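Right, one structure below, let's go through it.
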Amino acid sequence: MSITTPTTEAVVTASASTPRRRIKRKTWQTVIWFIGLIVLTAVVLYPLLWLFLSTFKPNSEFGQNPGLFPQAPTVENYGKVMEGIAGVPMWRFFLNSLILAVSAVVGTVLSSALAAYAFARVQFKGLGVLFAAMIGTLLLPFHVVIIPQYIIFNQLGWVDTFIPLILPKFLATEAFFVFLLVQFIRQMPRDMDEAARIDGAGHLRIFWSIILPLIKPALITCAIFSFIWAWNDFLGPLLYLTSPENYPLPIALRLYNDQTSSSDYGATVTASFVALLPVLLFFVVFQRFLVDGVATQGLKG
């Protein structure tokens with residue numbers, strides 16, 4: 001005698017169709033999610049795409065053709081940019097920016113790491129006061145110290161040189177990076193430090209052989225932000241550099257827009273795009289280290 005009834009058959013059919021409905025629902029949710037991401041990506045990348053395509057617009061189209069595509073494409077703007085301006089070739093502006101940015105990265109990473117190790121691992125009198133004072137500098141506007149710094153560097157004869165822009169980077173003046181590395185080092189266990197100290201290692205040996213390799217993600221994070229900030233810095237070079245041959249790219253871009261004469265918008269847009277490329281490449285290459293540095297901030301050793 002069969003025990004199968006219409007009621008049990010309906011239950012079996014309903015239970016079999018439930019996973020299919022769930023799969024269809026998840027599929028539609030995934031499609032909607034990807035469509036939203038594509039739209040958001042298009043909105044974010046549109047300015048960059050407009051900037052790139054505008055490099056092929058002749059100067060006469062600016063102000064008349066705000067669209068994405070040029071009506072009469074030309075590569076003349078790239079020729080103008082490579083020739084430079086004010087008697088200085090573009091490669092010189094590019095080299096100046098590269099020197100400032102690389103020096104800022106090296107100085108900031110080394111000095112901030114040393115200062116952070118001292119705050120996180122070395123016990124000395126006044127540690128709390130000095131650390132609080134360092135954190136307090138984050139609340140101090142940069143404009144407050146502009147005049148005293150300029151007077152000091154001017155009396156030393158360093159105006160119109162790269163020294164005022166590079167030297168502070170080697171003195172751990174970036175409190176944000178010091179604080180970031182301090183928090184990173186404090187989360188690390190002291191077992192390896194104590195073991196190395198038993199073997200006769202000093203602070204410098206412990207810092208170089210143990211701490212420095214372990215804080216690599218945080219160092220990469222500091223390097224990325226330091227490079228971007230130094231590359232895009234406008235106010236510092238504007239204050240201390242007076243000769244066109246010493247100008248970095250942000251100052252050189254201003255030369256293409258002269259208020260006393262006609263402005264070459266095509267060359268300005270092209271130079272802006274060329275100046276943006278190193279930052280994009282630097283970020284793309286090191287972005288995974290940036291993600292690792294942010295992700296590991298919440299981990300305990």
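The condition of being at pLDDT below 60 and either in contact with a Phe, Trp or Tyr (Cβ under 7 Å, 6 or more places away or on another chain) or surrounded by 14 or more Cβ atoms within 10 Å (Cβ to Cβ) (or both) does not hold for Gly301. Scanning the range 106-126 for residues that are open to solvent by less than 70 Å² (accessible area, probe 1.4 Å) and over 16 Å from Ile185 (Cα atoms) yields a count of 4.
Taking the range 165-178 as the range and being touching a residue at least 60 places away in the same chain (Cβ under 8 Å) and touching a Leu at 6+ places or on another chain (Cβ under 8 Å) as the test, the residues that pass are Leu165, Ile166, Phe170, Ala172. Residue count for the range 192-224 under the criterion of being under 25 Å from Val106 (Cα atoms), out of contact with any helix residue (DSSP H, G or I) (no Cβ under 8 Å at 6 or more places or on another chain) and in a helix (DSSP H, G or I): the result is 4. Here Trp91 meets each of (1) in contact with a Lys or Arg (Cβ under 9 Å, 6 or more places away or on another chain); (2) open to solvent by 50 Å² or more (accessible area, probe 1.4 Å) with one exception, condition (1). Check whether at least one residue in the range 166-185 is buried (at least 18 other Cβ atoms within 10 Å of the Cβ), at pLDDT below 90 and among the charged types (D, E, K, R), and report yes or no. Scanning the range 166-185, I find at least one residue that is buried (at least 18 other Cβ atoms within 10 Å of the Cβ), at pLDDT below 90 and among the charged types (D, E, K, R), so the answer is yes.
The values are calculated or read from the model by the stated rules, or taken from the named source; none is laboratory data. Just so you know, these numbers come straight off a predicted model, no measurement behind them. With ideal geometry, Cβ positions are generated from the backbone for all residues, glycine too; neighbour counts draw on all protein chains shown. Ligands, DNA and RNA are excluded from the accessible area calculation, which covers all protein heavy atoms including side chains. Shrake-Rupley method; radii C 1.70, N 1.55, O 1.52, S 1.80 Å.
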